[in-house]
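Reading through the structure tokens given below for one structure.
The values are calculated or read from the model by the stated rules, or taken from the named source; none is laboratory data. Model, not experiment: these values are computed from the prediction. Here the Cβ positions follow ideal geometry from the backbone for every residue, glycine too, while neighbour counts run over all protein chains shown. Ligands, DNA and RNA are excluded from the accessible area calculation, which covers all protein heavy atoms including side chains. Shrake-Rupley method; radii C 1.70, N 1.55, O 1.52, S 1.80 Å.
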Amino acid sequence: MKIHAEIITSEARYIVVETGTSSGGKWGFPVKLSTVKLPVGVEYVHARQATAEVIESWKVDSRNQGPKSNYGRTLQALIQELPGHAFPKAA
């Protein structure tokens, strides 16, 4: 597990996390990139813990991690969207 980005507000903690997934033969090194919301003070252990709310999740191949790879573009998009999840604009 690897935390790529984090925003902590007074009510919640928002993180972009990378976790390993089981190999299905489709990709060389499959990982899951997820945006997760946690209550303040709770440590992230795994996505199935009761206090974790998975906002968004993508399975990607981590063999190529450059900025133009699928992994790099997905990670960059999740990090760019993180402030929108933490501080939603009023409609």
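Quickly run through region 2-12 and pick out the residues that are surrounded by 11 or more Cβ atoms within 10 Å (Cβ to Cβ) and closer than 20 Å to ALA77 by Cβ.
The initial filter retains those residues of region 2-12 that are surrounded by 11 or more Cβ atoms within 10 Å (Cβ to Cβ), namely 3-9, 12.
Those that are surrounded by 11 or more Cβ atoms within 10 Å (Cβ to Cβ) and closer than 20 Å to ALA77 by Cβ: ILE3, HIS4, ALA5, GLU6, ILE7.
Using the structure shown, decide if VAL42 is open to solvent by less than 50 Å² (accessible area, probe 1.4 Å), closer than 18 Å to ILE8 by Cβ and over 10 Å from the mean Cα position of the chain (by Cα). Steps first, answer last, please.
Working: open to solvent by less than 50 Å² (accessible area, probe 1.4 Å): yes; closer than 18 Å to ILE8 by Cβ: yes; over 10 Å from the mean Cα position of the chain (by Cα): yes.
Considered against the rule, which asks whether it is open to solvent by less than 50 Å² (accessible area, probe 1.4 Å), closer than 18 Å to ILE8 by Cβ and over 10 Å from the mean Cα position of the chain (by Cα), VAL42 comes out as yes.
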Query raised in the report: Tally time: how many residues in region 16-37 are out of contact with any Phe, Trp or Tyr (no Cβ under 6 Å at 6 or more places or on another chain), open to solvent by less than 80 Å² (accessible area, probe 1.4 Å), touching a residue at least 24 places away in the same chain (Cβ under 8 Å) and among the hydrophobic types (A, V, I, L, M, F, W, C)?
Result: 3
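Could you please find all residues in region 46-61 being within 16 Å of the chain's Cα centre (by Cα) and modelled with pLDDT of 85 or more? Steps first, answer last, please.
Looking only at region 46-61, we keep the residues that are within 16 Å of the chain's Cα centre (by Cα), and these are 46-49, 51-61.
THR51, ALA52, GLU53, VAL54, ILE55, GLU56, SER57, TRP58, LYS59, VAL60, ASP61, listed by residue number.
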Report task. Being part of a helix (DSSP H, G or I), open to solvent by 30 Å² or more (accessible area, probe 1.4 Å) and free of Cβ contacts under 8 Å to residues at least 60 places away in the same chain is the filter here, so list the residues in region 50-85 that pass it. Result -> ASN70, ARG73, GLN76, ALA77, GLN80, GLU81, GLY84
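Considering each of GLY66, GLY41, GLY28 in turn, give the residue that is touching a Gly at 6+ places or on another chain (Cβ under 8 Å) and over 16 Å from LEU82 (Cα atoms). If you could, list the steps in order and put the result at the bottom.
Values: GLY41 fails: touching a Gly at 6+ places or on another chain (Cβ under 8 Å); GLY28 fails: touching a Gly at 6+ places or on another chain (Cβ under 8 Å).
None of the other options fit; the residue is GLY66.
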